[in-house]
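Everything below concerns the one structure shown next.
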Amino acid sequence: MTHDFNGRKIIITGGAAGIGLAAASQLMQAGASVALLDLDGAAAKASAAKLHGTGKAFGFAADVTQEDSVNHAVAAAIEAMGGVDGLFNNAGIAGFGSVHESTPESWNKVWAVNVTGTFLASRAALPHMLAAKRGAIVNVGSVAGMVGIPNMAAYCAAKGAVVNLSRQMAAQYAPLGIRVNCVCPGTIAETAMGKSLLGSDTSEEAMNKRLAKYPIGRFGRADEIANAVVYLLSDAASFFVGSIVAVDGGMTTI
Ligand code: NAI
Ligand code: 1HS
């Protein structure tokens, strides 16, 4: 299905690369303007310059863990695009280790980007959507927010928090015209995060064990996650509110 995003303005955190950039590309093709907010501001600008569509693409430096940085970048994005209709809370980092091996510093960092980042970017964009009485937000969880995965304590906890924050936001804002949903990807091998995940143990045994968790017999692609994100941001998803959508080749079904 082709979605009509003509005139729509979408902010994407962590949009310089990976899943965020894949979503930006599809949104541009559907007619949207996009603002890529990323810790790597130069990469965000460079990626925006390579996007093509009838709308415009912008790149801004932003650290989603820092209130001032997020507020400044969201304001700049809204000024550049002339408004905001959608927010894709995609910025995230992985973290490895069990509870007894993780340091409080690594735990807090994973929570800061995945959870606090989702809170701060939403907090900055929501007043504009509330004023317009319409909008759509998609948060990125993970299969790690739905099941327990060995060696990913902080990440599983943080993504679980993103999943339930999505339900809370959905309940809060649906009566006010803003739909909030959550996409939970399985492993996407091609992105930097996917590579670091798979690189954490490259033995054939570990790879086979990981792949065996995916009934479809392979890991996913960034464009397969972007398909779901674009759908949930679109008007076609008008009755999707607080949905936790696993896009995972069946990983969470077994
Ligand atoms: P990626 O590492 O390729 O891209 C993440 C982007 O976020 C990068 O451009 C990075 O600079 C940016 N970023 C990191 N920290 C930031 C911060 N503090 N402020 C602003 N931007 C920041 O990762 P990928 O794979 O595209 O992941 C995107 C989202 O999807 C993440 O939330 C991740 O947890 C989630 N996810 C990824 C999966 C995978 O296997 N790749 C599977 C399930 C979920
Ligand atoms: C990092 C991303 O959120 C995926 S966690 C899933 C790890 S596994 O299914 O490949 O073991």
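Scanning the range 188-204 for residues being within 11 Å of ligand 2 (Cβ to nearest atom), free of Cβ contacts under 8 Å to residues at least 12 places away in the same chain and not in a loop (DSSP other than H, G, I, E, B) gives a total of 1.
Looking across the range 67-89, the residues that are over 20 Å from residue 140 (Cβ atoms) and assigned to a helix (DSSP H, G or I) come down to 67, 68, 71, 72, 75, 76, 78, 79, 80, 81.
Filter the range 165-187 down to residues that are polar (S, T, N, Q) and away from ligand 2 (no atom under 11 Å from the Cβ) and give me whichever is farthest from residue 243 (Cα to Cα). The extreme case among them is 172. When residue 217 is tested against the conditions (1) out of contact with any Leu (no Cβ under 8 Å at 6 or more places or on another chain); (2) at pLDDT 95 or above, the lone failure is (1).
Go through the range 127-164 and give me each residue that's more than 16 Å from ligand 2 (Cβ to nearest atom) and over 20 Å from residue 10 (Cα atoms). Residue satisfying the conditions is 164 alone. Of everything listed in (1) of a type outside the set (Val, Ile, Thr); (2) in a helix (DSSP H, G or I); (3) within 16 Å of the chain's Cα centre (by Cα); (4) within 26 Å of residue 73 (Cα to Cα), the single unmet condition for residue 184 is (2).
For (1) within 9 Å of ligand 1 (Cβ to nearest atom); (2) in contact with a strand residue (DSSP E or B) (Cβ under 8 Å, 6 or more places away or on another chain); (3) farther than 30 Å from residue 126 by Cβ, each residue gets a yes or a no:
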| residue | (1), (2), (3) |
| --- | --- |
| 142 | yes, yes, no |
| 184 | yes, yes, no |
| 198 | yes, no, yes |
| 237 | no, yes, no |
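Return the pairs, sorted by first residue and then second, in which the second residue is of a type in the set (Asp, Glu), the first residue lies in the range 163-184 and is touching a residue at least 60 places away in the same chain (Cβ under 8 Å), the beta carbons are less than 7 Å apart, and the residues are 6+ apart or on different chains. Qualifying pairs under 7 Å: 184/248. Within the range 234-246, is even one residue within 14 Å of ligand 2 (Cβ to nearest atom) and among the charged types (D, E, K, R)? Scanning the range 234-246 turns up no residue that is within 14 Å of ligand 2 (Cβ to nearest atom) and among the charged types (D, E, K, R).
Checking the range 220-242 against the condition returns no match, with no residue being without any contact (Cβ under 8 Å) to a residue 40 or more places away in the chain and of a type in the set (Val, Ile, Thr). Each residue in the range 90-100 was checked for being in contact (Cβ under 8 Å) with a residue 24 or more places away in the chain and either in a helix (DSSP H, G or I) or away from ligand 2 (no atom under 16 Å from the Cβ) (or both), and 1 of them qualify. Among the residues of the range 162-181, those identified as within 13 Å of the chain's Cα centre (by Cα) and part of a helix (DSSP H, G or I) are 162, 163, 166.
Does the range 139-156 include one or more residues that are under 17 Å from the mean Cα position of the chain (by Cα), loosely packed, with under 15 Cβ neighbours inside 10 Å and modelled with pLDDT of 95 or more? No: zero hits. Suppose the filter is assigned to a helix (DSSP H, G or I) and among the small types (Gly, Ala, Ser); does residue 136 pass it? Against the criterion (assigned to a helix (DSSP H, G or I) and among the small types (Gly, Ala, Ser)), residue 136 does not qualify.
The values are calculated or read from the model by the stated rules, or taken from the named source; none is laboratory data. Since we're looking at a predicted model, the values are computed, not measured. No Cβ is skipped: glycine too gets one built from the backbone with ideal geometry, and neighbour counts run over all protein chains shown.
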